[in-house]
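The values are calculated or read from the model by the stated rules, or taken from the named source; none is laboratory data. Note that the structure is a prediction, hence the values are computed from the model and not measured. For neighbour counting, all protein chains shown are included, and Cβ atoms are generated from backbone atoms with ideal geometry for every residue, glycine included. Surface areas here come from the heavy atoms of the whole protein model, side chains and all, with no ligands, DNA or RNA. Shrake-Rupley method; radii C 1.70, N 1.55, O 1.52, S 1.80 Å.
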Amino acid sequence: MKRKHSLVLVPLLGLSMALTACGGDDSGDSGNDSGSSSGGDKAGKVGVILPDTESSVRWESADRPALEAAFKEAGVDYDIQNAEGDAEKMTQIADTMIGNGVTVLAIVNLDSESGAAIEEKAKSQGVATIDYDRLTLGGSAEYYVSFDNTKVGELQGQGLADCLGDEDANIVYLNGSPTDNNATLFAEGAHSVLDPMTNYTVVGEQAVPDWDNEQAATIFQQLYTAADGKVDGVLAANDGLGGAAISILEGNGQAGKVPVTGQDATVEGLQNVLAGTQCMTVYKSATQEAGALAEVAIALANGDEAETTGTTTDSSDNSEVPSILLTPQAITKDNVGDVIDDGGQKAEDVCVDKFAKLCEEAGIG
Ligand code: GAL
């Protein structure tokens, strides 16, 4: 399915100018939260389907509130739901949303095949679609809104190298889900940095299905055993996988001695970075990503072109997808405060119990 190829850089109307609707009033509970606006003409209704609550806490703790705030600020009717890791449920949610008058649909696909089918069906019903965070290979979304995911991997690779130093070292890769195109890009970015560093030897690499943290622990245990425990660093693709590796290292008395990477700057990830058991994480502002999605959704709802940063190649058919790719930030013990200062996490959530002193030493809170 060919994508829309127009790449027109047209300054977006300010969010407040894009629509005439007034402020929204929320209804519904978490996991199935619809916002509605009262009064004024509305340019359309935006549906967003988040993937799950297991692969990362980010979707419900960061993305949902940021999306709600962005749509409320713009006075846009919205419906945000979570597919709970079930592709069939995502399909059903999409059908219901379109039946309820959604004119723009954004999805975080659980896999490209189911995502492409959802987008094709929506398109046939005149509903514009957006890939949020994850590119749907072979899909038909009008736009792709995410972070530069290859850059995420590059930051992870460089972060691990900074923690390992120049000594010879054995490294293990715990990659993200094989059904997530982002995971492919994360790994490509990390390898592009680490492979030329010939003092490092890859002694194990495996993708973790569905980013499942329990499977990650089992997989890492197997890789650790296969390497006879001679593992000096772990390139873990997000904080959940990093936490799983750290739990196995703890069992072997190696936590804090073997640097581990992560991503998403979750509360747990930041705590592990402060404790020294995790070498680094990558911060991707949900407010920025949600705000970018809201702007594109509103432009589409208004029948306008959205401002993009360029295009992304869909590796399945080499089509170019108009994209808005944001810049990720590497977070180490030295700049955990940047996440707090940016509102990405709250000090009162991170600096609890034994972490209170670590936060104080880091100048946080
Ligand atoms: C990726 C996402 C990351 C990571 C992972 C787990 O697609 O870009 O933030 O957390 O999913 O959900």
### Task
Go through segment 236-259 and give me each residue that's more than 14 Å from the ligand (Cβ to nearest atom) and either hydroxyl-bearing (S, T, Y) or under 19 Å from the mean Cα position of the chain (by Cα) (or both).
S247
### Task
Could you grab me the full set of residues in segment 116-172 that are more than 15 Å from the chain's Cα centre (by Cα) and charged (D, E, K, R)?
E119, E120, K121, K123, E142, E154, D162, D166, E167, D168
### Message
Please go through segment 53-101 and give me each residue that is within 14 Å of the ligand (Cβ to nearest atom), open to solvent by less than 60 Å² (accessible area, probe 1.4 Å) and part of a helix (DSSP H, G or I), ordered by number.
### Response
R58, W59, E60, A62, D63, R64, A66
#### Entry: Only listed residue being under 21 Å from the mean Cα position of the chain (by Cα), within 11 Å of the ligand (Cβ to nearest atom) and assigned by TED's automatic domain parsing to the domain that holds G157, chosen from G189, G176
G176
### Message
Checking the structure you have, find out if any residue of segment 328-342 is charged (D, E, K, R), surrounded by fewer than 19 Cβ atoms within 10 Å (Cβ to Cβ) and closer than 26 Å to L249 by Cα.
### Response
yes
### Task
Considering every residue within segment 133-156, establish whether at least one is assigned to a strand (DSSP E or B) and over 20 Å from G310 (Cα atoms).
no
### Message
Exactly one condition in (1) away from the ligand (no atom under 16 Å from the Cβ); (2) closer than 29 Å to G138 by Cα; (3) not acidic (D, E) is false for V208; which is it?
### Response
(1)
### Summary
Within segment 105-121, residues being touching a helix residue (DSSP H, G or I) at 6+ places or on another chain (Cβ under 6 Å), away from the ligand (no atom under 16 Å from the Cβ) and outside any strand (DSSP E or B) number 1
